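Structure, as structure tokens:
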Amino acid sequence: MDVTGTTWILAADGDQARIFEERQRAGEVRELETLHMGRVGGDYPRAAAHGATVHDRAGHGQHGAGERAPHEEAEDRFLERVAESLADPARREAFQGLVIMAPPRALGVLRQALPKAVQAKLEGSDHHECVRETAEDIRGRLRKVRAKA
């Protein structure tokens, strides 16, 4: 078993993303708090002139007929921005491996949006909501992901 190399663990959902780091395999996991990301106003779609509108059953929002709900578009834009933010650190070799932990929908968007340089470093994923978990909880999940591989 190779114990060298840094692994980043991305814990994300449609609202926020946290990155954790494991510098030695099976070692301590700590959060890289300076890399925390949250959804911002720019992630939301711009209002467009359209004819028909529908009411969103999950709240008071409304959007054009045939369009995706604004909150889904905002989540996708945010997750795409998160995926893109990993490109530069991957090129700089800040991490050698990546594990993504996110709910199923977010996990799919992230996988699809990962740049090629980052995809090459992907070691595994966990399809659960864990963005609010502690570093120790993330470490436990990381062990389970590796046990499956």
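Values in this text are rule-based calculations from the coordinates and carry no lab data. Everything numeric here is computed off the predicted structure, so don't read it as measured data. We place every Cβ from the backbone using ideal geometry, glycine too, and count neighbours over all the protein chains shown.
Table for the structure above
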item: Within the stretch 99-147, trypsin sites (Lys or Arg not before Pro) in DSSP loop having at most 10 other beta-carbon neighbours inside 10 Å; result: Arg132
item: Estimated inter-spin distance, Arg143 and Glu31, nm [label 7 Å along Cα→Cβ]; result: 2.1
